[in-house]
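Please treat every number below as a calculation from the coordinates, not as lab data. Bear in mind that the values here come from a model prediction, so they are computed numbers and not experimental data. Neighbour counts are summed over all protein chains in view; Cβ atoms, including those assigned to glycine, are modelled from backbone coordinates with ideal geometry.
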Amino acid sequence: MLILPCPYCGVDADETELTPGGEAHLTRHGPGSSDAELHDYLFARENPRGVHFERWRHSHGCGKWFHAARSTDTLEVFGTYPAQTTEPPKEICDKITGERPGWSWRIFG
Amino acid sequence: MSEAVSALNKAGFDGLARVEECGLQGMITLRGDLDTRAVKSAVKAAVGVAVPGVNQVTLAGETGACWMSPDELLLLCGHADAVQTVAGLSEALAKSHHLAVNVSDARAVFRVSGPFAREVLAKLCPVDLSPGAFEPGMIRRTRMAQVPAAIWMDGADTFRVVCFRSVADYVFGILKAAADADAAVGVF
């Protein structure tokens, strides 16, 4: 069972209180983009064993969207942070680097 | 005008804990920037309490304010006063971006009281309700079995539960099952 601390209300929210929102930090490619960019925006997703960044919504609680950095193999949660950002905060990246040297995820790491 | 009736018309149940529907309760959803002076003074004028901090409630008897999210409060007032209170809020906040809606008849309120009240709710919610972790003055929006709910404490052994009116019968049912006289666990 996954327990994520909500960065807005601070409660440790059980997975069943949350709604998953898929992969975090997607760049939206809409009108004017190339077919390849649109294809990747719609379909290309990471499927890592290890460090992963996801969107979650505290749907049974404060209702806010947030991001979570966690490991898909151990379920360790490295941290959560508000959704109004285009990249993971440095302290979370540093924490991951401390525990998983050499990690990378898309353009981060 | 037709007479207002609450969802379950004060239905009650006695088991490990006393479960009762509280009857008519004025409830107002207020959304806006809670840090602004305009909202703080409007809330004070409307229900006579300060804007609560994160995950807190400020109560004065049957009126008060509950923190719902970083930009949302649930204001409690008398059922008959709700329309007038909304009008007052709308006037006071006319110049700020806000939303004030009377949701009194869209919600149901329950009271769960007795020495096993913590345990009854802990069976239904994925929340640490142990003494010390959850105390009067705090509020928690969570999942109660299959539906969203908000819970806070009025006193040492008394909880208040707010849920959507459409699921009031379901919530009463699961509270009754959790409070069944033969269902004590004694964990707290």
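How many Cβ atoms of partner chains, on average, are near each residue of A:12-18 if near means within 10 Å of its Cβ?
On the way: counts 3, 5, 5, 1, 5, 8, 1.
Per-residue shielding by partner chains comes out at 4.
Rg and Dmax of the protein assembly as shown, using alpha carbons, in Å: what are they?
22.1, 70
Do any of A:K64/B:K176; B:K123/B:K176; B:K44/B:K95; B:K10/B:K176 go past 23 Å between their Cα atoms, and which? Show your work: numbers first, answer last.
Details: A:K64/B:K176 31 Å; B:K123/B:K176 12 Å; B:K44/B:K95 17 Å; B:K10/B:K176 14 Å.
Beyond 23 Å between Cα atoms: A:K64/B:K176.
Would you mind counting up the charge near A:S59? Only other residues with Cβ under 15 Å from its Cβ, with Lys and Arg at +1 and Asp and Glu at -1.
Numbers: positive: A:R55, A:R57, A:K64, B:R140, B:R141, B:R143; negative: A:D14, A:E15, A:E17, A:E54, B:E72.
Net local charge, A:S59 excluded: +1.
Given a Förster radius of 30 Å and the C-beta distance between B:K95 and A:W65 as r, what FRET efficiency does 1/(1 + (r/R0)^6) yield to the nearest 0.05?
Step by step, r from the Cβ atoms, then E = 0.55.
Rounded, prolate or oblate: which fits segment B:126-172, taking a ≥ b ≥ c as square roots of the Cα gyration tensor eigenvalues, rounded meaning a/c under 1.5, else prolate when a/b beats b/c?
Prolate.
Just checking the output field for A:52-65: average partner chain Cβ neighbours within 10 Å of each residue's Cβ?
For this peptide, the per-residue mean of nearby foreign Cβ atoms is 3.
Select from A:H67, B:A94, B:L8 the residue farthest towards the positive end of the dipole of the protein assembly as shown; place +1 on Cβ of Lys and Arg, -1 on Cβ of Asp and Glu, and compute about the Cα centre.
B:A94
Rounded, prolate or oblate: which fits segment A:36-109, taking a ≥ b ≥ c as square roots of the Cα gyration tensor eigenvalues, rounded meaning a/c under 1.5, else prolate when a/b beats b/c?
Oblate.
Whose amide H sits under 5 Å from the amide H of A:A13, counting only residues 5 or more places off or on another chain, with H placed in the peptide plane?
Long-range HN contacts for A:A13: A:L4, A:C6.
Is there a quick way to get the dipole size of the protein assembly as shown? I mean about its Cα centre, with the Cβ of Lys and Arg at +1 and of Asp and Glu at -1; what is the value in debye to the nearest 20?
Details: 28 positive and 36 negative charges, 83 e Å.
Roughly 400 debye, rounded to the nearest 20.
Given the C-alpha centroids of segment A:61-84 and segment B:105-155, what is the distance between them in whole angstrom?
First find each Cα centre; the distance between them is then 25 Å.
For segment B:101-107, just list the computed ³J(HN,Hα) in residue order, Karplus coefficients 6.51, -1.76 and 1.60, θ = phi - 60°, integers in Hz, with x standing in for Gly and Pro.
With coefficients 6.51, -1.76 and 1.60, one gets 9, 7, 10, 3, 8, 10, 10 Hz.
Place +1 on the Cβ of every Lys and Arg and -1 on the Cβ of every Asp and Glu in chain A, take the dipole about the Cα centre, and give the residue among A:S104, A:L42, A:F78 whose Cα lies farthest towards its positive end.
A:L42
With the cut-off at 1.5 for a/c, could you classify chain B from its C-alpha gyration tensor as rounded, prolate or oblate?
Since a/c reaches 1.5 and a/b is larger than b/c, the shape of chain B is classed as prolate.
So what's the angle, to the nearest 10 degrees on a 0 to 90 scale, between helix A:90-99 and the longest Cα principal axis of chain A?
Here the helix axis deviates by roughly 80 degrees.
Restricting to the protein assembly as shown, compute how many DSSP beta bridges are antiparallel as a %, nearest 5. Intermediate values should be presented prior to the final figure.
On the way: 66 of 66 bridges.
Rounded to the nearest five, the antiparallel share is 100 percent.
Once fully extended, how much extra length lies between B:D157 and B:A183, figured as 0.36 nm per residue of separation less the alpha-carbon to alpha-carbon distance? Let's see the in-between values first.
Numbers: separation 26, 0.36 × 26 = 9.36 nm, distance 1.79 nm.
The B:D157-B:A183 span can extend by a further 7.6 nm.
Pull the list of the protein assembly as shown cysteines that no other Cys approaches to under 4.7 Å, Cβ to Cβ.
A:C6, A:C93, B:C22, B:C66, B:C77, B:C125, B:C163
Just to verify a number: FRET efficiency for A:L42 and B:K10, C-beta to C-beta distance, R0 = 45 Å, to 0.05? Could the numbers behind the result be given before it?
Working: r = 53 Å, r/R0 = 1.17.
The formula returns an efficiency of 0.30 here.
For peptide B:63-71, how many partner chain Cβ atoms fall within 10 Å of a residue's Cβ, on average?
Taking the mean over all residues of the peptide, I get 3.
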